[in-house]
Amino acid sequence: MKKHNFSAGPCILPREVMDKAADAVRDLDGTGLSLIEISHRSAEFVAVMERARSLVLELMDLEGKGYEVLFLQGGASMQFLMAAYNLLETRAGYINTGTWSGKAIKEARLFGEVLEVASSEADQFRSIPKGFEVPAGLDYLHLTTNNTIFGTQFKDIPQCDAPLVADMSSDIFSRSMDFSQFGLIYAGAQKNMGPAGATLVVVREDLLGRVTRKIPSMLDYQVHISKDSMFNTPPVFAVYTSMLTLQWLKAQGGIAAMEERNAKKAKLLYSEIDLNPLFQGFAATADRSDMNATFTLTDPELKDRFDQMWKAAGINGLNGHRSVGGYRASMYNALSLESVGVLVDVMSDLERKA
Ligand SMILES: *Cc1c(COP(=O)(O)O)cnc(C)c1O
């Protein structure tokens, strides 16, 4: 039976990416060798890394604008500290929109003063803070563009004088924006780009080298840039598979086409959540994420029946994060509109039968 994978991460990838990645594990492009047994210094793999890095700049329209692309390890969680290690000299601002920004704040405090410029903690992170002042003189302002756990998303990126640093783990490549407004973008691959193990970093090079502290090589963006993201053995399988997803994305029409598809999927599901009296959205309507829709049953008694129904329909990964409960439907780029339709049918079925 076909599975409809709504998992929050690791998550669904395009079927053809999966097939090509599996082929490459057996035999990379007719070399007679596996992707995971050739040297990362081989011409074949160096070409893969270069293709992946240049596709990122192309898709984000950042070519020739002073940005460097790295595929590192350690996940977005490593970037919580690496961003601060490389950019925080005195004082940085953070917008607290939930668990992930909270973790980023905790790490940054090891390196300097951290101002919580705005927070939506008072409403259990159901919303995105608005209308706040960003103080002058920050080394950077950090935000989490999409809050995977609570299902909120910045629709408007705050403007300020300081460079913007963004954790885009769960909405990277899902919607068009002017990426040149950011000084540093990072994202764990496993939400919208590839398998776990690679972390994408896009950084404006002129922001580096300004802090006075010494930075260990493995944590220094400049060291990785000087080695073309091959300072040490890169996560070859994760980089290769991310490269395949980037090629797939380009063939689909790029980020703008993804945005259109994602908006349709989100609209379909949120309409059902709003119209069906058995369901209630968790996030404030204006701040709802197009990637992760969070919702609950209005009558908890229906839980067992609903759970049986969606599982029987081949749906996977619908349980909410353990800290929020309820349900979370993650609708990353590779999830089809058809899969969202299956979920919506189950939800309306429940209403008919309840
Ligand atoms: C999943 C996630 C993370 C953590 O990513 P790891 O790669 O597991 O470290 C950080 N930020 C956001 C927004 C996420 O969704």
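The values are calculated or read from the model by the stated rules, or taken from the named source; none is laboratory data. As the structure is a computational prediction, the values presented were derived from the model and not from experiment. Please note: Cβ atoms are built from the backbone with ideal geometry, for glycine as well, and neighbour counts cover all protein chains shown. Please note that ligands, DNA and RNA were not included when accessible areas were found on the heavy atoms of the full protein model with its side chains. Shrake-Rupley method; radii C 1.70, N 1.55, O 1.52, S 1.80 Å.
Values computed for the structure shown
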| quantity | calculated |
| --- | --- |
| Reach of Lys106 by Cα under 14 Å, taken over aspartates and glutamates that are not fewer than 8 positions away in the same chain | Glu116 |
| Considering only the chain, percent of DSSP beta bridges that pair antiparallel, nearest 5 | 55 |
| Solvent-accessible area per residue, Å², over the chain with all protein chains present [probe radius 1.4 Å] | 42 |
| Convex hull per residue volume in Å³, alpha carbons only, for the chain | 132 |
| Per-residue ³J(HN,Hα) for the range 130-141, Karplus 6.51 cos²θ - 1.76 cosθ + 1.60, θ = phi - 60°, Hz, x for Gly and Pro | 9, x, 8, 8, 9, x, 6, x, 7, 5, 6, 10 |
| Share of carbon and sulfur in the accessible heavy-atom surface of the chain [1.4 Å probe, %] | 50 |
| Solution diffusion estimate, µm²/s, Stokes-Einstein, the range 105-233, Kirkwood Rh from C-alpha pairs, 20 °C, viscosity 1.002 mPa s | 131 |
| Efficiency of FRET between Glu260 and Phe231 - r from beta-carbon atoms, R0 35 angstrom, step 0.05 | 0.40 |
| The range 168-220: trypsin sites (Lys or Arg not before Pro) in DSSP coil with no more than 11 other Cβ atoms inside 10 Å | Arg210, Arg213, Lys214 |
| Relative frequency of Cα-Cα separations exceeding 16 Å in the range 255-353, percent | 53 |
| Dipole in debye (nearest 20) - the range 1-142, about Cα centre, beta carbon charges: Lys, Arg +1; Asp, Glu -1 | 460 |
| ³J(HN,Hα) computed for each position of the range 57-65 - Karplus, 6.51 cos²θ - 1.76 cosθ + 1.60, integer Hz, glycine/proline x | 5, 5, 5, 8, 6, 10, 5, x, 10 |
| Sequence-distant aspartates and glutamates (8 or more away, or on other chains) whose Cα lies within less than 15 Å of Lys264 | Glu272, Asp290, Glu338 |
| Only Lys, Arg (+1) and Asp, Glu (-1) charged, at Cβ; the range 200-354 dipole about Cα centre in debye | 460 |
| Largest-first principal axis extents of the Cα set of the range 176-270 (Å) | 51, 30, 23 |
| Pair Asp27, Lys267: separation of 7 Å Cα→Cβ label points (nm) | 4.6 |
| Cα convex hull of the range 264-313 - mean projected area over all directions, nm² | 3.8 |
| Gaussian network model of the chain, Cα within-10 Å springs - most flexible of Pro234, Pro300, Pro129 | Pro300 |
